[in-house]
1. Residues being over 19 Å from residue B:193 (Cβ atoms) and not in a helix (DSSP H, G or I): count how many of those fall in segment B:211-240.
2. Pick from segment B:262-279 the residues that are in a loop (DSSP other than H, G, I, E, B) and out of contact with any Cys (no Cβ under 7 Å at 6 or more places or on another chain): which of them is surrounded by the most Cβ atoms within 10 Å (Cβ to Cβ)?
3. Answer with yes or no whether residue A:114 is outside any loop (DSSP other than H, G, I, E, B), among the hydrophobic types (A, V, I, L, M, F, W, C) and more than 12 Å from chain B (Cβ to nearest Cβ).
4. Report yes if residue B:299 is more than 10 Å from chain A (Cβ to nearest Cβ), touching a Lys or Arg at 6+ places or on another chain (Cβ under 9 Å) and under 24 Å from residue A:210 (Cα atoms), otherwise no.
5. From the list A:229, A:259, A:203, which one is touching a Cys at 6+ places or on another chain (Cβ under 8 Å), in contact (Cβ under 8 Å) with a residue 24 or more places away in the chain and not β-branched (Val, Ile, Thr)?
6. Please enumerate the residues belonging to segment B:270-299 that are under 21 Å from residue B:221 (Cβ atoms) and either touching a Ser or Thr at 6+ places or on another chain (Cβ under 6 Å) or outside the structural domain of residue B:220 (by TED's automatic domain parsing) (or both).
7. Taking residue B:92, is it hydrophobic (A, V, I, L, M, F, W, C), part of a strand (DSSP E or B) and over 14 Å from residue B:135 (Cα atoms)?
8. Within segment B:107-118, can one find any residue that is more than 14 Å from residue B:139 (Cα to Cα) and not in a loop (DSSP other than H, G, I, E, B)?
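The values are calculated or read from the model by the stated rules, or taken from the named source; none is laboratory data. What you see is a predicted model; the values in this text were computed from it and never measured. Every residue, glycine among them, receives a Cβ derived from its backbone with ideal geometry; neighbour counts consider all protein chains shown.
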Amino acid sequence: MRRITLIVTAVVVVLFIISWIIKTNTVPEDGTFRPFIQGFLVTFAAFLTLAIMSFLYRDNPFYKFAEHLYVGVSAAYAMSLGFWTTLVGNLFPRISQNLSDWFGVPFLHYEWHFVIPPILGIILLMRLSPKGGWISRWALAFIVGTTAGLNLPRFLRSDFIEQISSTFLPLLVQWQGVGPFFSNFSLAASGQFIAILTNITIFLGVLCGLIYFFFSKEHKGVFGTASRFGIWVLMVTFGASFGYTVMGRISLLVGRLTFLLKDWLGIIS
Amino acid sequence: MTAKTILFILVAVLLAPLVMAQEEAVPDSTVGVIPPAPPLNFRAFDTPYDNGHSISLEWELSADDGQGRNNVLGYRVMRAESPDGPFVERGIVTSGGTSYNDSGVKESDSPDYFPRDHDFYYKIVATTADGSEAESEVFGPVRAVGQWFNARKWPVLIAVGLFTAFTLAFITLARRGKDLYVRPLAGIEAVDEAIGRATEMGKPILYVMGLGTAADIATIASFTILSRVAKKVAEYQTSLIVPCYDPIVMTVAQETVKASYYDAGRPDAYDDKDVFFLTNQQFAYVGGVNGIMIRQKPATNFYLGKFYAESLILAETGATTGSIQISGTDEVTQIPFFVVACDYTLIGEELYAASAYLGREPVLLGTLKAQDWGKACVIISIILGVLFAIFGWQDGVDAFRPGN
């Protein structure tokens, strides 16, 4: 191992221990854990946060450690959670009184059709057998086919027909006089002019967006112009969505920095 | 009259007021309280197009609800199993309300159980703040019955029928050899170039299918593209890395890649370890994929599927390693991140169409054409609907709205 790596590692370990000692003496005693444990948890969380953030500089052993720890713990946690919520919480109370009593969950009532999912699950696990692996394709086919079939009417209604009917907007709103026609131009404008402008924008935007996604015809002439307008509408929308989402991401960063500066270092109150 | 008699009468007269005073005078609460007018034209009927565990009730407002004495607070919905009762309260509707759905669940051991095919009798009781009430006539018997079809969803049925017809027609045409034109897409044309680049550089190709399950349309589209990519990879003898978020997706991806290697005549080159499960926690997954990108430095990154907040992290990390990146997702909020950070981006339906472009199989091309015809029908529907809205024909507008 290179000398610089050893030095850096030693420095990190020393700082970790110092932080641990300081946090042990500063955390309130009325917490869930004893101060010794609480101090370790806060220090370790800060260490992992900084280890992940060190990726911005370059790949390094601390990032590797944090990454592998995160991947491993999350996979194991998900497996454990899946066992306790799905099998113990959902399956056993419906197929076996004895199993429910063993795991300490209240037995509900027998539902014979709950036997089918574990059978499919066992068939799926046959994948691990070199000779019997072929049978797992049946369970896979059932999963993919059933969910695709169930999703078809659902998405057809929510993402297709409802969206179509929401576009049925009058392009010319009923005349209500000059005053209401031009009533204010703020973002909260509610006058007739804004209503007409909104409806026309939605109508043209949807129409031209659909034309952009037309694959059977080359985008030339009037068709091409409509397609270009459509992609412009899409890109403006994406830009707005980008800015809005970045705001959300910054707030996540603020949360993490608050943890480091407040809970760990105690610099801010 | 004797002295005893006179004394008795005197005592009775003197004591009588005392005896009578011990009885408290009970105020007559009904004095001065006028009950409200009862609700009118009450009727109960089986809720249409449901699973048979609901009865709908409708009535007209009491004459004292919002008018007249204007003292109706609300209406109590009462139900019994015989016209003479006993009636049990099933719900309360505030003043101004003229309908109620008495419903429940189908499990007989649940406290909310609502039996099917069972006669019930209902009445509506208008109530006021001072406790006076007025009842409607008892209506019944009425029973809840399940229906096989929800006729309100006929627009969905028509859409499915139309699309199915288009699909079958164009698949038939494609199988007969008819040349079906599809316009070129830059992102899809770059796939071959990207795979060739990785082969020349001797570096692996990273294929990320996102955070979707096998039920997500984007993931299913990604499977079909993966099969094309894997076949090319097998032919060019490049290595492929497919880290998976979902165990079922991993299983399907393994089968897909294996079949592609077999199709390319290179079954020996397939390695199960190329397609592996990483974790199903979002940011742990992206941390692991970032590690793969930084350490194994793939020449080409494919991000095709369902992505969420991790999309920018993936794309930016791939950009720092100098990989060519082709992305595609139907998540509207993530497309902007891919557009800014990747070389080519397939937006929404272009991802679904990509498999037809790459394979040119009749089934997929026919489906793509059917989608376009479906879009044409949508455009026509929108134009018609807008015309209906302009000229105020509300029935035409409502015809496109599927009921619940």
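1. Residues meeting the conditions: 6.
2. B:279
3. yes
4. no
5. Of A:229, A:259, A:203, the one residue that is touching a Cys at 6+ places or on another chain (Cβ under 8 Å), in contact (Cβ under 8 Å) with a residue 24 or more places away in the chain and not β-branched (Val, Ile, Thr) is A:229.
6. Correct list: B:285 only.
7. no
8. Checked against the condition, which is being more than 14 Å from residue B:139 (Cα to Cα) and not in a loop (DSSP other than H, G, I, E, B), segment B:107-118 yields at least one hit.
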